[in-house]
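The values are calculated or read from the model by the stated rules, or taken from the named source; none is laboratory data. Quick caveat: nothing in here was measured; it's all calculated off a predicted structure. Cβ sites come from the backbone with ideal geometry, for glycine too, and all protein chains shown count toward neighbours.
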């Protein structure tokens, strides 16, 4: 494997692993803030216990999110140095703003909230946790503004070999008001809240099915279930808008999501279809729903939707005209002096269709399942203990939103290929001149270290989730007992 | 106004801020790193080990964000320097990041399972997770002062071993001692009882080593780097290293009188002084090349556009003072004495 493949794999491992922890942080922080608010408003100690129990799980999750985020930030410099140099003016500043504006706030106030227990007033504690929830969700905005700029670059001009911001009004303001990025942000946020809701319901259902802490987990469940249902329904509506935006700005990605090869009008959606990228067509197409792809993309069942075989050469021509692309120019000179040539051709200027298509179908399928499940959960929110099948379903469901979110990002990122910055830079062009052997070793280290830490973290999350809140049944009751006497 | 914010001036301002951000990171995370490095030396039993962890307790996470900010600012203000520096220092940087990962999770994981072997394993991780960053940051910065083998295309032609030259190793050892001393002072401020006494003793014992290492490092800098050239050109800059050495010489007085907060403040000033001494010496290079001066990445060749530097300056001037203000408030709020009873509370590490 060459340095490009290895670096891409490494980035994929680093970013996917990071994103195991991020969405729960985004949603659970809001939940913690809500229960703290209820505690301050009602004075009911149960809410305080809820904040502490779910807060413990939050912290276990948060730490790994933080540290894996740092490696991610430095990945751009270590493995994608040509990219970093090209986009630093815009992309780099968004990351820097994220750190100063949001991440400091989150990391500092989570300490106030956690370590200030018993030392600070209720009101300050409440302020701290809202600061954490706000900062976490704000942090995601800046990161997605950066990613959204790669997906749909705006507000820039090319100066020499760099993309540079085109002024304040025409540049920076356009970058931060990039509609494409805001659509992605809404989608990501709703997905994260949905995941957190199902996490809360899954663990609560486990305890409710066993009759543990009925009031505590009943309250948690009743708070989480409508929250999750709203997120699931909004995701359907907003997800559709997201699709429309992609169809408009990234037709190649949209076509790959639907495995649509030839430009045609009144494009049907096939319930069963399998892409054959080598021959640029579908291996088979079964059970069409007439005009559905046209309808979803442009709101009209008869309208024409461009297929990949037409889009790829068009995108390539646009790229070549914009950047004077020379396919034979090496994308990098390796440290041993050998040139690395990765020519893009008009025919292969398209995303990996099978991966994009399957990830999209998986995400959408799970999305519909989540609406169904959260509706059931909402209906039976008072009777979970009497519905063991639903409790079991909710427990086994905990990993599914994670899979859906990963699939969503696979659509966004694999579907962006072959571009690193949409139609401005190919992924190969962004690479660092580092030996493939170094990246091979570091990739192995990533897999081993992250695999190990992920396993430990999931083990501990499970352990504390099962143990339940402090001062409750089992082990904790014993501790309180011996502390009191 | 437009003259003050010319592209050249903005580059100089950002170069200074870049150095300042790194020095703030060293001051703040420096004591966490020092605490972890001293863990096997000062803590005799489990309670004392937990006190060492809890001395860094509420702060290490917020401190580490300064690293993210320093990295982010390098990316935003000097993209080419970010690109070349971090791809050239590929192996040491990744080892540093992995070490910091183990440092962070050892805080969170150590006390979560009641088993001697478990805690011991995370203590080992905690030590290496702090000792290695101290060493590697020292090696990396010393090599930056000296210049690294990059060619005109910004491609690194050395190996990880070429960073382990005499000056680089001296830089690594120097940083380890600087942070250990800094951490010992912090521990003395926050711990009570036997651990407090041990921390003070450790600081007193480390001071002579620190003094020798400082003078040695300044001398080796003369031999191996062109850093002093800027100081010959602008002698007024010499106040920076002079201040650093002065506060270092004042340390025995503070330690003897038990003025630990003063000692810690002096140590912070010392760290800022040493970092800025190196950074000022590097100007205008951000990544000096040891192959040819023309291949060096300079402030001018690496800087972002005038608009970006201006926007970032506004953001920095508004946000950084606010961050410093609320972090200072949190320090005053949570720098309580760590007493054995605290360890029984649920939020303690």
Sort out which residues of segment B:87-118 are more than 8 Å from chain A (Cβ to nearest Cβ), surrounded by fewer than 20 Cβ atoms within 10 Å (Cβ to Cβ) and assigned to a helix (DSSP H, G or I), and write them in order of number.
-> B:95, B:116, B:117, B:118
Could you check segment A:91-200 for helices (runs of 4 or more DSSP H) lying wholly inside it with 1 or more residues that are away from every other protein chain (no Cβ under 14 Å) and under 20 Å from the mean Cα position of the chain (by Cα)?
-> A:122-151
Has segment B:275-294 got any residue that is within 13 Å of another protein chain (Cβ to nearest Cβ), more than 30 Å from residue A:135 (Cα to Cα) and within 21 Å of the chain's Cα centre (by Cα)?
-> yes
Restricting the search to segment B:43-79, which residues are part of a helix (DSSP H, G or I), crowded, with 24+ Cβ neighbours inside 10 Å and in contact with a strand residue (DSSP E or B) (Cβ under 9 Å, 6 or more places away or on another chain)?
-> B:51, B:52, B:55, B:74, B:79
When residue A:421 is evaluated against the numbered criteria (1) surrounded by 21 or more Cβ atoms within 10 Å (Cβ to Cβ); (2) touching a residue at least 60 places away in the same chain (Cβ under 8 Å); (3) more than 30 Å from residue A:327 (Cα to Cα); (4) under 22 Å from the mean Cα position of the chain (by Cα), which criterion, by number, is the only one it fails?
-> (3)
Sole exception among (1) surrounded by 13 or more Cβ atoms within 10 Å (Cβ to Cβ); (2) assigned to a helix (DSSP H, G or I) for residue A:389, by number | (1)
Segment A:433-457, residues that are touching a residue at least 12 places away in the same chain (Cβ under 8 Å), surrounded by 21 or more Cβ atoms within 10 Å (Cβ to Cβ) and over 25 Å from the mean Cα position of the chain (by Cα) | A:433, A:434
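Specify which of the listed residues (A:394, A:376) is at pLDDT 95 or above, away from every other protein chain (no Cβ under 14 Å) and surrounded by fewer than 19 Cβ atoms within 10 Å (Cβ to Cβ).
One residue alone meets the criteria, A:376.
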Exactly one of (1) touching a strand residue (DSSP E or B) at 6+ places or on another chain (Cβ under 9 Å); (2) over 17 Å from residue B:159 (Cα atoms); (3) at the interface with chain A (Cβ under 7 Å from one of its Cβ atoms) is unmet by residue B:84. Its number?
-> (2)
Considering only residues that are touching a residue at least 40 places away in the same chain (Cβ under 8 Å) and within 14 Å of chain A (Cβ to nearest Cβ), look in segment B:119-143 and name the one that is surrounded by the most Cβ atoms within 10 Å (Cβ to Cβ).
-> B:130
Collect the residues in segment A:315-326 that are surrounded by fewer than 15 Cβ atoms within 10 Å (Cβ to Cβ) and free of Cβ contacts under 8 Å to residues at least 24 places away in the same chain, keeping them in residue-number order.
-> A:321, A:324, A:326
Out of segment A:391-412, which residues are closer than 25 Å to residue A:331 by Cα and touching a residue at least 60 places away in the same chain (Cβ under 8 Å)?
-> A:412
Does residue A:271 satisfy the criteria of being at positive phi and part of a strand (DSSP E or B)?
-> no
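Among the residues of segment A:39-49, are any assigned to a helix (DSSP H, G or I) and either within 14 Å of chain B (Cβ to nearest Cβ) or farther than 26 Å from residue A:127 by Cβ (or both)?
Yes - at least one qualifying residue is present in segment A:39-49.
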Determine if segment A:284-293 includes at least one residue that is buried (at least 23 other Cβ atoms within 10 Å of the Cβ) and either modelled with pLDDT under 95 or out of contact with any strand residue (DSSP E or B) (no Cβ under 9 Å at 6 or more places or on another chain) (or both).
-> yes
Quick one: residue B:147 ticks every box in (1) surrounded by fewer than 22 Cβ atoms within 10 Å (Cβ to Cβ); (2) within 8 Å of another protein chain (Cβ to nearest Cβ) bar one, so which box is it?
-> (2)
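Would you mind listing the helices (runs of 4 or more DSSP H) fully within segment B:143-239 where at least 2 residues are under 22 Å from the mean Cα position of the chain (by Cα), over 30 Å from residue A:333 (Cα atoms) and at pLDDT 95 or above? Steps first, answer last, please.
Working: elements: B:166-190, B:194-224, B:228-233.
Output list reads B:166-190, B:194-224.
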Being over 20 Å from the mean Cα position of the chain (by Cα) and within 13 Å of chain A (Cβ to nearest Cβ) narrows B:311, B:339 down to just B:311
What number of residues within segment A:1-14 are in contact with a helix residue (DSSP H, G or I) (Cβ under 7 Å, 6 or more places away or on another chain) and buried (at least 19 other Cβ atoms within 10 Å of the Cβ)?
-> 7
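Does residue A:300 satisfy the criteria of being at pLDDT 90 or above and surrounded by fewer than 15 Cβ atoms within 10 Å (Cβ to Cβ)? Working first, answer last.
Values: at pLDDT 90 or above: yes; surrounded by fewer than 15 Cβ atoms within 10 Å (Cβ to Cβ): yes.
Yes, satisfied.
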Index of the failed condition, residue A:465 passing every other in (1) within 12 Å of chain B (Cβ to nearest Cβ); (2) crowded, with 16+ Cβ neighbours inside 10 Å; (3) in a helix (DSSP H, G or I) | (1)
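For segment A:421-442, which positions are more than 14 Å from chain B (Cβ to nearest Cβ) and closer than 28 Å to residue B:91 by Cα?
Of segment A:421-442, the ones more than 14 Å from chain B (Cβ to nearest Cβ) are A:422-424, A:426-428.
Answer for segment A:421-442, where residues must be more than 14 Å from chain B (Cβ to nearest Cβ) and closer than 28 Å to residue B:91 by Cα: A:426, A:427, A:428.
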For residue A:429, indicate whether it is touching a residue at least 12 places away in the same chain (Cβ under 8 Å) and in a loop (DSSP other than H, G, I, E, B).
-> no
